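The values are calculated or read from the model by the stated rules, or taken from the named source; none is laboratory data. Everything numeric here is computed off the predicted structure, so don't read it as measured data. Note: ideal-geometry Cβ built from the backbone for every residue, glycine included; neighbour counts use all protein chains shown.
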Amino acid sequence: MYQAIVFLPLIGFLIAGLFGRVLGPRPSEIVTTAFLFIAALLAWITFFRVGIGGADTRVQLMHWIYVGDLKIDWALRIDTMTSIMLIVVTSVSSLVHLYSIGYMHEDPSRQRFFAYLSLFTFAMLMLVTADNLVQLFFGWEGVGLASYLLIGFWYEKPSANAAAMKAFVVNRVGDFGFMLGIFAVFVMTGAVNFDTVFAQAPGLAGKTIPFLGHHWDAPTVIAVLLFIGAMGKSAQFLLHTWLPDAMEGPTPVSALIHAATMVTAGVFMVARMSPIFELSRSALDLITIVGATTAMFAATVALVQNDIKKVIAYSTCSQLGYMFVAMGSGAYSIGMFHLLTHAFFKALLFLGAGSVIHAMHHEQDMRHMGGLYKKIPFTYGAMMIGTLAITGFPFLAGYYSKDAIIEAAYASHSHFSVYAYWMTVLAAALTSFYSWRLVFLTFHGQPHDHHHYDHAHESPLVMTIPLAVLSVGAVFGGIAFYNLFVGHDVESFFRHSIFMASDNHILHAMHEVPGWAAYLPTGMMVAGFAVAYWFYVVDRTVPVALAKSQDALYQFLLNKWYFDEIYNFLFVRPALWIGRTLWKKGDGMLIDGLGPNGISARVLDVTGQVVRLQTGYLYHYAFVMLVGVAALITWFMFAGV
Amino acid sequence: MPSVLPPLGAVLPELLLALSAIVLVLIGAFQGEKSANLVNGLAIAALVAAGVLVLLQPAITVVGFHGSMLVDPFSRFMKAVSLLGAAVSLIMSVDWLGRAQQARFEYAVLVVLSSLGICILISAGDLIALYLGLELMSLSLYVMASINRDSVRSTEAGLKYFVLGSLSSGMLLYGSSLLYGFTGTVNFAEIAKVATAPTNGLVFGIVFVFAGLCFKVSAVPFHMWTPDVYEGAPTPVTAFFATAPKVAAMAVFVRVAIEALPHVTHSWQQIVAFVSIASMVLGAFAAIGQRNIKRLLAYSSIGHMGFALVGLAAATPQGVRGVLVYMAIYVVMTLGSFTCVLAMRRGGRPVETVDDLAGLARTRPLMALVLAALMFSLAGIPPLAGFLAKYYVFLAAIQAGLYGLAVIGVVASVVGAYYYLRVVKIMYFDEPAEAFDGMPGELKAVLGVSGLFTIFYFVYPAPLIEAAGAAARALF
């Protein structure tokens, strides 16, 4: 059964990828989607059997690499962590497959799209079922590849190609850290499979890694390096720049990869490696700072973006920051909880946005929308549910998971708990504001583009069904799983799949936070809603005037804190300059000039001279012969016989 | 009573060739021009028969005519290779002779006479026999070069070859007289006994004798005639020039160096090394500038002689074995290449530039494939025969400590690879030119055998290596 979950998407990919042209688009769509739904069904069975029932297991597939001390198996690790990720990945993926049948119905290379989607799902499943770090890395790179292919799916668009490359390159930075982390784990424990590493983890405390004359604390080095990998994949502050650009890909891709699954791989990895992270307070502090900063930073940028997908992308970035705050606070289960609920409501928001874009004939600028709730009421309803869920409206999914994170931040013993708390609280207000802004700009007010507005139409059933299913998740996802992730059942639910040090009492402490701290996020949510309502429903001149009066701040936010410009100046242009110099001067002039081209040019010169010797005159020929003899005689006369 | 007759059994092939030449001349004289085909056929039969006789001779050394004639495994090997080249080049000329204006029975007779000279040259045991064989061979060649006497280019080629050949013969004779003067004998074995230390006179004699021999193998700087004569002479004649006489000249070069001058190796090694390097380098560089395929093959043969001389410079049994293997493989590859040149005819007229081969892969894929294999082999690319040929001479040079020579040789062969590969590139990647005329059956056969040998030689190289090894040991 577990093999079927992992390999059905791979088979779907092979069928659609290899025979898609022969089969045609419709069979490819049906095969891949059907396989995914089967996998999703099996995943839910697994969740209840393993997560709730406690039937942890390990499925050995084969020996993978056996070199000296390095022994790596290919095995599926099925425990609670895996089962959570399995339902997230397969549920969202199957719904996105179904949704894409409608969304992509005009695209001539749909087979390729579905093949890539299934490939991504396979790689993501490899990642979450990994039994060791190398297998995890395989899935990690696999989803990176699929993400690259899907962002650049419309490869005739230069911006899509640039975005695909950017995603790939920025992820390389993180992956480099991740690889070093894996190497460090192997150096310190002599193994990469989780069981051995975790068994040896307590022994790492106090050990050091000598580097550049310093002795660095081993758990901290490993944890920080691994976290750098997570930062790249999960688009955390400083390595976030690729995620907004990744919106160049088709919207179902954004929903699946860049909201629900791949970007949460970093969160999953930190939770999975919790036995190591628990050993280093410094590393957890770093995670807290980066997470809180990302949550706040991305929320500020989302305030002023006009592209509907960019707003949701920055929202994703911000929510990932929340998850890392939970991780940094030691509340791994709560981070996983937010990962789960976020997957549902964020996929819902993206697919809803896709439905809007579909209705508006690929118009993405919210300034050109407005008043759409009359035209596409079902989408409007779904988006409302998603927005209520993400802003933390009571009893919806986000209310449970996000508020739990904020409470955990308050209760944590981290040195930065105050910073984390206030950042996440403020970000909650901003989240509420930009989410409602999106809804008001898109669905309320007067239509701005009458041509598109008049032709707007509700999406077909294959697109609305996924919205409905995800809406159910967004409404009930929090209340249904609260006890398993936050409440009394955490220990019996997660068992050994996450590790919390004996002095980590965060799950108890967070229930004892003062009342004001617990209710503040809800108040912030209301405040954000009120401001948004005032700005975009009551009086639309206010935000315009505000933007004018605070132009510097507005430009700063609109240009995303100028990160792209700074990176362009610091890294991209120097790299291009170095590349161009090495290419033109180093390779072109020096190596080619002195090497192949230079030598061949000299050869031709010599040839020209030699050929000119052959004059055709008899006396020249005779002369050359005599000169030859004379030269030999002379040689022997002077050099001796 | 001792026999007054010399031991004629050992020289049966030569006798056969001499008698054949006389009979063929008579047939031609009585029957006139129309006998050309008959004479040609009989000449081929005679050459083949002589070759069979050579191969049937016992593997022992026979000294006849008071030391003038040496029949040993070495001479048998070289004679067999030469006669093969001569016979095949005559087979290749059947079609050419069939055309009215070239129908001359003298051509076949001259080939037979030249082959007789070649056999005498290879078997020469002293300087007199050497000169006798050399001149018999060369005089025939001079006439053959200008056999197409209505063509300006052909007559010019013949004249140039004659004048320069005479000059080289003069040098050879002068060198021989110096050798005789300083050793008191013309016999190789006797010279070897006397010439135990290099003196100025002896070394000068060696220089002049070697200059004459270098002219015949067309080694730099005595090569200048080669491109002009190759280009000017009719193609079957060029094919003959490039094979049998080269083998004979190389054979006598090796024999003089190893048998007559074993104690002054250090001296003549310098000459051979210089000539070898000069030939390899010039052959590689000059061929790049050629557009005419025959001139290209001329420079190619200059380069190949340089590579073969690397083996001689080693002055060891392995080196000589390398030379012999090299010459055998060279003959086969060259015959195949010239078959292709002969097949380059459009509308009954021969075309000769490299560009005429454009797109041959599409018009005549099989011919292009074999020619490509031959070009790869000439360039020395593994695992083709040409690679093994180079491998053996370079191996010998390395074992003899001549690292510089081996390195220069490899570099030269890399440079040289360019023009061979360019031919392949033109055949396979350029836009097709007009297709060539059909290929006569005998050319197809020669090309096929040559191609198969070149491609598959590496599968079973032992017989040739062992025969060459036995031949080389006979000299030491």
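Here are the numbers:
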read-out	value
Some residue of the stretch A:469-487 being touching a residue at least 24 places away in the same chain (Cβ under 8 Å), out of contact with any strand residue (DSSP E or B) (no Cβ under 7 Å at 6 or more places or on another chain), among the hydroxyl-bearing types (S, T, Y) and within 30 Å of A:D365 (Cα to Cα)	yes
Index of the failed condition, B:A435 passing every other in (1) small (G, A, S); (2) farther than 20 Å from B:A328 by Cα; (3) crowded, with 16+ Cβ neighbours inside 10 Å; (4) in contact (Cβ under 8 Å) with a residue 40 or more places away in the chain	(3)
Flag for B:A157 being crowded, with 23+ Cβ neighbours inside 10 Å and either of a type outside the set (A, V, I, L, M) or assigned to a helix (DSSP H, G or I) (or both)	yes
Yes/no for A:T607 being surrounded by 14 or more Cβ atoms within 10 Å (Cβ to Cβ) and among the polar types (S, T, N, Q)	yes
Residue in the stretch A:570-591 that is more than 10 Å from chain B (Cβ to nearest Cβ), touching a residue at least 12 places away in the same chain (Cβ under 8 Å) and charged (D, E, K, R) present	no
Residue within the stretch A:64-71 that is among the charged types (D, E, K, R) and within 25 Å of A:S492 (Cα to Cα) present	no
Helices (runs of 4 or more DSSP H) within the stretch A:522-595 that include 1 or more residues β-branched (V, I, T), over 27 Å from the mean Cα position of the chain (by Cα) and within 18 Å of A:R437 (Cβ to Cβ)	A:541-549
The listed residue being touching a residue at least 60 places away in the same chain (Cβ under 8 Å), more than 25 Å from A:T300 (Cα to Cα) and assigned to a helix (DSSP H, G or I), out of A:V185, A:V170	A:V185
Any chance A:F485 is buried (at least 20 other Cβ atoms within 10 Å of the Cβ), touching a helix residue (DSSP H, G or I) at 6+ places or on another chain (Cβ under 8 Å) and of a type outside the set (G, A, S)	yes
Test set (1) modelled with pLDDT under 95; (2) part of a helix (DSSP H, G or I) - B:L173 fails condition number	(1)
Qualifying positions in the stretch A:605-641 - more than 7 Å from chain B (Cβ to nearest Cβ) and farther than 24 Å from B:F204 by Cα	A:D605, A:Q609, A:R612, A:L613, A:T615, A:Y617
Test: residue in the stretch A:96-104 that is out of contact with any Pro (no Cβ under 7 Å at 6 or more places or on another chain), in a helix (DSSP H, G or I) and surrounded by 24 or more Cβ atoms within 10 Å (Cβ to Cβ)	yes
Hey, B:L178 surrounded by fewer than 24 Cβ atoms within 10 Å (Cβ to Cβ), over 16 Å from the mean Cα position of the chain (by Cα) and either within 12 Å of chain A (Cβ to nearest Cβ) or not in a helix (DSSP H, G or I) (or both) or not	yes
Residues of the stretch B:104-149 that turn out to be under 16 Å from B:L173 (Cα atoms), touching a helix residue (DSSP H, G or I) at 6+ places or on another chain (Cβ under 7 Å) and part of a helix (DSSP H, G or I), as a count	12
B:Q290 being surrounded by fewer than 24 Cβ atoms within 10 Å (Cβ to Cβ), over 19 Å from B:I206 (Cβ atoms), more than 14 Å from chain A (Cβ to nearest Cβ) and not small (G, A, S)	no
Filter result (touching a residue at least 60 places away in the same chain (Cβ under 8 Å) and within 23 Å of A:W74 (Cα to Cα)) within the stretch A:140-162	A:W140, A:V143, A:G144, A:A146
All helices (runs of 4 or more DSSP H) inside the stretch B:196-284 with 2 or more residues being within 14 Å of chain A (Cβ to nearest Cβ)	B:200-217, B:225-232
Which numbered condition A:F176 misses (of (1) at positive phi; (2) surrounded by fewer than 16 Cβ atoms within 10 Å (Cβ to Cβ); (3) under 26 Å from the mean Cα position of the chain (by Cα))	(1)
Selection count, the stretch B:400-429, where residues are over 25 Å from B:G359 (Cα atoms) and aromatic (F, W, Y)	1
Residue count, the stretch B:59-103 (criterion: in a helix (DSSP H, G or I) and not polar (S, T, N, Q))	23
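A quick yes/no check of all residues on (1) within 27 Å of B:R99 (Cα to Cα); (2) in contact with a strand residue (DSSP E or B) (Cβ under 7 Å, 6 or more places away or on another chain); (3) not in a helix (DSSP H, G or I):
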residue	(1), (2), (3)
B:G322	no, no, no
B:D356	yes, no, no
B:S377	no, no, no
B:I381	no, no, yes
B:A389	no, no, no
